[in-house]
Amino acid sequence: MPELKEPLVVSVSPHFRGTDTIRSVMADVVIALIPAMVAGVYFFGGRVVWILLISVAAAVGTEAILQKLMRKAITVADCSAIITGILLALNLPPGAPYWLPVVGAVVAIAIAKMVFGGLGKNIFNPALIGRAVLLAAYPVAMTKGWLKPFWWHGRGFFASAVADAQGAALDAISSATPLVKEGAADPFTIADLIIGKVGGCIGETSALCILIGGIYLLVRRRILWQMPVAFIGSFALLMALFGVARHPEPLDRVLVEVFAGGLMLGAWFMATDMVTSPLTGRGQFIGGVLCGLLTFLIRLKGGYPEGVSYSILLMNMATPLIDRYTQPRRFGVKSRAKHG
């Protein structure tokens with residue numbers, strides 16, 4: 001028999017071949033994140049560049065070291081660790097100390113990814129696990145690094161956002177995002193939220209830049225529309241019906257809740273993670289509605305004004321169950337009961 005040039009892969013149907021690779025898919029995600037990264041650097045200065053570089057380097061380095069220790073092939077060239085580092089950095093305050101992304105990246109890669117076996121086997125979004133651990137372990141560092149947009153004007157683009165002699169951060173703002181409890185005035189406009197001229201995490205302030213990246217992923221067919229549409233739509237509907245009834249301008253407040261905080265970034269870039277989200281369009285719609293409901297409940301009733309990260313992680317837990325009940329029927333089978 002002639003020797004096979006490539007290994008023979010035996011798997012279940014359906015069979016199809018494509019030209020996409022892990023690296024090409026991940027490269028598209030990196031490209032889609034560029035507008036949000038540029039916006040973060042533009043509004044919060046050059047220290048954001050360092051946070052991004054440190055986070056990516058820590059994520060890539062951790063994965064390479066662990067794969068070397070485990071005697072596995074080093075696969076950092078697939079860009080998946082780069083995306084984890086970028087997403088973690090975009091979920092940090094712009095005034096965060098430089099050691100914070102290092103700790104978060106190590107947790108994200110070592111605990112949320114490699115413990116489960118590496119890419120494709122993790123059940124939780126690694127970047128969100130890193131952020132959740134940082135918020136639980138270092139709440140002060142995660143909640144005291146909020147800076148005003150353009151705080152670096154007059155100090156230099158690469159100025160350090162260090163504490164002054166009185167212990168107060170330079171040009172700091174008192175809250176992470178414009179998400180405030182009912183009754184407080186909104187010191188910004190809807191246009192500020194869309195453009196990104198508000199405080200918040202590095203990558204969540206500019207809804208326009210996030211949307212540009214999300215549309216790019218849709219055009220490239222890297223994500224399904226059901227997840228972000230169901231996530232944002234269900235949250236907005238619930239907020240309109242039950243969350244802002246007593247607000248003097250309910251429509252404006254709904255828009256604030258949609259564009260502020262991490263909803264847009266989470267809906268377009270983290271809830272749509274190919275590994276941890278449901279497989280089918282119907283499953284992603286259900287997962288999006290679940291995320292929208294949980295985010296609404298956390299924001300409305302929780303003590304913490306944001307809830308996107310936790311809602312996505314809870315959805316990740318439900319993904320196997322969603323996949324089980326939304327899998328398509330096999331060809332020729334009339335009901336799921338006959339083959340399940």
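Read-outs: derived from the displayed coordinates by stated rules, not from any lab. Values in this document were obtained by computation on a predicted structure and should not be read as measured data. Neighbour counts are summed over all protein chains in view; Cβ atoms, including those assigned to glycine, are modelled from backbone coordinates with ideal geometry.
Measure off 7 Å from each Cα along the Cα-to-Cβ vector at residue 71 and residue 115, then give the distance between these two points in nanometres to one decimal.
2.4 nm
Compare the peptides 302-314, 105-117, 200-212 by average per-residue count of other Cβ atoms within 10 angstrom and give them in order, highest first.
200-212, 105-117, 302-314
When the Karplus curve 6.51 cos²θ - 1.76 cosθ + 1.60 is applied with θ = phi - 60°, which whole-Hz ³J(HN,Hα) does each residue of segment 138-155 get, with x for Gly and Pro?
10, x, 5, 5, 7, 10, 10, x, 7, 10, 6, x, 6, 4, 7, 4, x, 10
Within 10 Å, count the other beta carbons around each residue, average over each peptide in 278-288, 143-153, and list them highest first.
Output ranking for 278-288, 143-153: 278-288, 143-153.
Ranked from highest to lowest mean number of other Cβ atoms within 10 Å per residue, what is the order of the peptides 85-93, 290-298?
Ranked from most to least packed, the peptides come out as 85-93, 290-298.
Please give the contour-minus-distance gain from residue 318 to residue 219: 0.36 nm per residue of separation, less the Cα-Cα distance, rounded to one decimal in nm.
32.9 nm
Taking a ≥ b ≥ c as the square roots of the Cα gyration tensor eigenvalues, with a/c under 1.5 meaning rounded and otherwise prolate when a/b beats b/c, else oblate, which class fits segment 208-340?
It is prolate, given that a/c is not under 1.5 and a/b is the larger ratio.
Where the centroid of each part is defined by its Cα atoms, how far is segment 185-225 from segment 110-124 in Å?
28 Å
Which cross-chain or sequence-distant (5 or more) residues have an amide H under 5 Å from the amide H of residue 147, H modelled 1.01 Å from N in plane?
Distant-sequence amide H within range of residue 147: 95, 173, 200.
Among 148/197; 197/301; 144/301; 72/113, which pairs are too far apart, with a Cα-Cα distance over 18 Å?
In this structure, 197/301; 144/301 exceed 18 Å between Cα atoms.
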